[in-house]
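Undergrad: Supplied in structure tokens, the structure appears directly below.
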Amino acid sequence: MSTPATPLTCIIIPVYNRRSHTLQCLDLLKWCASLPDWRIILVDDASTDGTGAAVREQHPHVLIVEGTGHLFWTGAMRLGMQRAIELNADVLI
């Protein structure tokens, strides 16, 4: 008898030039880093305030998807959802 796989949950966070807020949010979600069945996907829509670099440095467990600067919220969520589906996520938040 095989053990059922644990569902993969992905938290999708769209961001544009919100470095401080994004880092605070990710600090609160650090518990996800140690769990094999949780991923954080950050869609950085071409931020110019160093958001992407700061996240890479302080939160290397976060998967970053780069945007073009023209995604806005809906486009960023679509891109993040596509990445989650590529990871075979069962739950998207």
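The values are calculated or read from the model by the stated rules, or taken from the named source; none is laboratory data. Just so you know, these numbers come straight off a predicted model, no measurement behind them. Neighbour counts run over all protein chains shown; Cβ positions are idealised from the backbone, glycine included. Remember, those area values only see protein heavy atoms, side chains included, never the ligands or the DNA or RNA. Shrake-Rupley method; radii C 1.70, N 1.55, O 1.52, S 1.80 Å.
Undergrad: What's the angle, to the nearest 10 degrees (0 to 90), between helix 72-86's Cα axis and the longest principal axis of the chain?
TA: That helix lies at roughly 30 degrees to the long axis.
Undergrad: Please calculate the 1.4 Å probe accessible area of Leu79, with all protein chains present, and give it to the nearest 10 Å².
TA: Here the accessible area works out near 40 Å².
Undergrad: Could you work out Rg/(2.2 N^0.38 Å) for the range 43-84, with Rg from alpha carbons only? Intermediate values should be presented prior to the final figure.
TA: On the way: Rg = 10.2 Å, N = 42, 2.2 N^0.38 = 9.1 Å.
Scaled against compact globular proteins, the figure is 1.13.
Undergrad: Using only Cα atoms, find the angle between the long axis of helix 19-28 and the longest principal axis of the chain, and express it within 0 to 90 degrees, rounded to the nearest 10.
TA: Helix 19-28 sits roughly 20 degrees off the main axis of the chain.
Undergrad: Amide H neighbours of Ile11 under 5 Å, counting only residues 5+ apart in sequence or on other chains, H built in-plane at 1.01 Å?
TA: Those lying under 5 Å, H to H, from Ile11 are Arg39, Ile40, Ile41, Ile93.
Undergrad: Answer rounded, prolate or oblate for the chain, using the Cα gyration tensor with square roots of eigenvalues a ≥ b ≥ c: rounded when a/c is under 1.5, else prolate when a/b is larger than b/c, else oblate.
TA: Verdict is oblate for the chain.
Undergrad: When ligands, DNA and RNA are left out and all protein chains stay put, how many square angstrom of accessible area per residue does the chain have with a 1.4 Å probe?
TA: 62 Å²
Undergrad: Please say if the range 1-41 is rounded, prolate or oblate, where rounded means a/c under 1.5 for a ≥ b ≥ c the square roots of the C-alpha gyration tensor eigenvalues, and otherwise the choice is prolate for a/b larger than b/c and oblate otherwise?
TA: In terms of gyration-tensor shape, prolate.
Undergrad: Ok, one more. Carbon and sulfur atoms: what percent of the 1.4 Å accessible area of the range 4-75 do they account for?
TA: Values: 2450 of 4110 Å².
Answer for the range 4-75: carbon and sulfur cover 60 percent of the accessible area.
Undergrad: With only Lys, Arg, Asp and Glu charged, each at its Cβ (+1 for the first two, -1 for the last two), find how big the charge dipole of the chain is about the Cα centre; round to the nearest 20 debye.
TA: The dipole of the chain has a size of about 60 debye.
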